[in-house]
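Chemist: After the structure tokens below, expect a handful of questions from me.
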Amino acid sequence: MKIRVGIEAIAFDVPHLYLDLAELAQARGVDPAKYTRGLGQRQMAVASSGDDTVALAVGAGRRLFEQFQIDRESVGLLIVGTETSVDQSKPVSSYVHEHLGLSPQCRSFETKHACYGAMAGLQAATDWVLSGRAAGRKALVIASDVARYGIKTAGEPTQGAGSVAMVISSEPRLLEFETGRQGFFSQQVMDFWRPTYSKDALVDGHYSMACYIKALLASYDMYAPGATEGASEPGFFQSFQACLYHAPFAKMAQKAHLALLAHVAGTELLPETPAYAAALEDYSRRVAPYLELQSRIGNTYTGSLFMALRSLLEDGVFQGSPAISLFSYGSGCAAEFMTARVCEGAAALLRRHPYRLQLDARTRVSVDEYEKLMEAAARMDQNGSFALGSPEASGAGARKVLFHGVKDHQRQYRPSH
Ligand code: CAA
């Protein structure tokens, strides 16, 4: 009998502070339209010192258990994908395992490949379920990151922070993966990296976009060989009712979609031509409706693609079980193109917990407050002992698990249960 595999539950978490990007542009002496139209970003999540990768991952996991009836004992595998881990050796997953109260008989580890880390975890979890070794147990895959480039860098408006938790199982209620094909791509490139001594990422920004597009087209070609013009499956890419992309900034999804449309058609898309207008219309129908979380949170690295998915599962209005595509890109680089079918009834489940309510509950900070929080976070982790003060002082709102400092070289999290 064919084993089904996909997403049974999904939830996200985000810092409770955010910055308006038009205000940031003004402070930097830049036309606000560059950030809002040129990059497609409206707001940016601002992580306080208490909002580290662990606290955000636990936050998403807790929301998932609160929102869906998942038995913690049924979780046999926990994978946390992150590129902003808190330790060179100890995985984020070990703290998450404790604070989510998971069983000792649950494997737990961390995966890293820049923004691809959680997709790597999702693929490993999928194979675990398909192999039969899960034996009815479920995998919890969490993407969690705090994206930092630094104050007044070109990457500054593309920062952000957040986490997405997903239960992968043989009882998908939200999204069923199509596992008959695979499309991935790996190549060593120096487009984006973060040396162990640096809290901020280093990036060759325009080159990184070129690497992303190259990896997208190569992954697609492996997934759908012969699907470009004149070959056996010319309409294949058109068969998806929505196309989701890793979006370090929302406009990147538009660049990706247009590049793939041109590739599939075997032609160049020149501005101000009917073909270009048709491609933009296609983008506004199949991609743009699902960018709200990404454009209001910013880059969440490993979580970015799954933020688009969370948005689609709630907002998508479809007949039956439509096919969708998902593309993950991690600098360095690794990429994956995959497809899936939205399960009937998914939207009704997610509309019980509207994501806009979660976003609207946040507090706006000024550029000055954001800079102070960035500077405070940069001073952290310089030695084996420091305290962040009260939850209120660290600005993390009502978060139930909060990083509050380091004592004797050991990270301290506020007890949660
Ligand atoms: N009004 C409207 N639009 C404007 C404008 C204005 N006044 N001024 C500029 N723009 C537009 C530009 O035309 C440009 O759009 P197009 O690319 O469509 O032409 C856009 O605004 C950005 O302008 P620039 O390219 O001049 O911006 P920049 O050089 O200052 O920086 C960036 C842009 C390279 C993305 C930078 O923010 C960056 O380095 N970000 C981090 C790296 C990144 O996100 N890379 C993405 C691929 S790698 C990846 O996906 C992995 C990951 O998560 C990091």
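Chemist: Looking at segment 326-341, can you tell me whether even one residue there is away from the ligand (no atom under 12 Å from the Cβ), open to solvent by 40 Å² or more (accessible area, probe 1.4 Å) and more than 29 Å from LYS34 (Cα to Cα)? Can you show your working first?
Modeler: Going through segment 326-341, the residues away from the ligand (no atom under 12 Å from the Cβ) turn out to be 326, 336-341.
Pick out the ones that are also open to solvent by 40 Å² or more (accessible area, probe 1.4 Å) and you get 341.
After this cut, where a residue has to be more than 29 Å from LYS34 (Cα to Cα) as well, the list is 341.
Yes, segment 326-341 contains at least one residue that is away from the ligand (no atom under 12 Å from the Cβ), open to solvent by 40 Å² or more (accessible area, probe 1.4 Å) and more than 29 Å from LYS34 (Cα to Cα).
Chemist: Collect the residues in segment 299-325 that are over 11 Å from the mean Cα position of the chain (by Cα), polar (S, T, N, Q) and either open to solvent by less than 10 Å² (accessible area, probe 1.4 Å) or near the ligand (Cβ under 10 Å from one of its atoms) (or both), keeping them in residue-number order.
Modeler: SER311, SER325
Chemist: Read through the list (1) open to solvent by less than 20 Å² (accessible area, probe 1.4 Å); (2) within 16 Å of the ligand (Cβ to nearest atom), then give the number of the only condition that ALA242 fails.
Modeler: The single condition ALA242 does not satisfy is (2).
Chemist: Then there is this: If you scan segment 277-294, which residues turn out to be open to solvent by 10 Å² or more (accessible area, probe 1.4 Å), in contact with a helix residue (DSSP H, G or I) (Cβ under 7 Å, 6 or more places away or on another chain), within 16 Å of the ligand (Cβ to nearest atom) and part of a helix (DSSP H, G or I)?
Modeler: TYR283
Chemist: Which number in (1) part of a loop (DSSP other than H, G, I, E, B); (2) on the phi < 0 side of the Ramachandran plot marks the one condition that GLY101 misses?
Modeler: The one condition GLY101 does not meet is (2).
Chemist: Only one of GLY266, GLY303 is at positive phi and touching an Asp or Glu at 6+ places or on another chain (Cβ under 7 Å); which?
Modeler: Exactly one of GLY266, GLY303 is at positive phi and touching an Asp or Glu at 6+ places or on another chain (Cβ under 7 Å), namely GLY266.
Chemist: So the check is Cβ under 7 Å with 6+ separation or different chains; which pairs have a first residue in segment 106-120 that's in contact (Cβ under 8 Å) with a residue 12 or more places away in the chain and away from the ligand (no atom under 16 Å from the Cβ) and a second one that's in a strand (DSSP E or B) and among the hydroxyl-bearing types (Ser, Thr, Tyr)?
Modeler: none
Chemist: Within the set of pairs 6 or more residues apart or between chains, which connect a residue that is among the hydroxyl-bearing types (Ser, Thr, Tyr) inside segment 252-277 to a residue that is open to solvent by 50 Å² or more (accessible area, probe 1.4 Å) with Cβ atoms less than 8 Å apart?
Modeler: Pairs found: THR267/GLU229; THR267/ALA275; TYR276/LEU270.
Chemist: Considering only segment 27-75, state which residues are within 16 Å of the ligand (Cβ to nearest atom), in a helix (DSSP H, G or I) and either of a type in the set (Lys, Arg) or free of Cβ contacts under 8 Å to residues at least 60 places away in the same chain (or both).
Modeler: PRO32, ALA33, LYS34, THR36, ARG37
Chemist: Name the residues in segment 138-182 that are among the hydroxyl-bearing types (Ser, Thr, Tyr) and either crowded, with 23+ Cβ neighbours inside 10 Å or not in a loop (DSSP other than H, G, I, E, B) (or both), would you?
Modeler: SER144, THR158, SER163, SER169, THR179
Chemist: Then there is this: Out of TYR220, TYR197, TYR207, I need the residue that is over 24 Å from ARG286 (Cβ atoms), in a helix (DSSP H, G or I) and either in contact (Cβ under 8 Å) with a residue 12 or more places away in the chain or open to solvent by 60 Å² or more (accessible area, probe 1.4 Å) (or both). Which one?
Modeler: TYR207
Chemist: Among the residues of segment 121-137, is there at least one that is open to solvent by less than 10 Å² (accessible area, probe 1.4 Å), more than 28 Å from ALA378 (Cβ to Cβ), at pLDDT 95 or above and within 16 Å of the ligand (Cβ to nearest atom)?
Modeler: No, that holds for no residue.
Chemist: Filter segment 10-26 down to the residues that are more than 19 Å from the chain's Cα centre (by Cα) and either outside any strand (DSSP E or B) or without any contact (Cβ under 8 Å) to a residue 12 or more places away in the chain (or both) and list them by number.
Modeler: LEU21, ALA22, GLU23, LEU24, ALA25, GLN26
Chemist: Moving on. Quick check on GLU98: is it charged (D, E, K, R) and either within 16 Å of the chain's Cα centre (by Cα) or within 16 Å of the ligand (Cβ to nearest atom) (or both)?
Modeler: Judged against the criteria, GLU98 is not a match.
Chemist: Here's a check for you: in segment 183-204, which residue that is farther than 30 Å from GLN382 by Cβ and in contact with a helix residue (DSSP H, G or I) (Cβ under 7 Å, 6 or more places away or on another chain) is farthest from the ligand (Cβ to nearest atom)? Lay out the reasoning, then the answer.
Modeler: Residues of segment 183-204 farther than 30 Å from GLN382 by Cβ: 183-189.
When the remaining residues are screened for being in contact with a helix residue (DSSP H, G or I) (Cβ under 7 Å, 6 or more places away or on another chain), the result is 183-185, 189.
Details: GLY183: 17, PHE184: 16, PHE185: 14, VAL189: 10 Å.
Here the answer is GLY183.
The values are calculated or read from the model by the stated rules, or taken from the named source; none is laboratory data. The structure displayed is predicted, hence computed values, not measured ones. FYI the Cβ positions are ideal-geometry reconstructions off the backbone, even for glycines, and counts take in every protein chain you see. When the accessible area is computed, the model is the full protein with side chains, heavy atoms only, and any ligands, DNA or RNA have been set aside. Shrake-Rupley method; radii C 1.70, N 1.55, O 1.52, S 1.80 Å.
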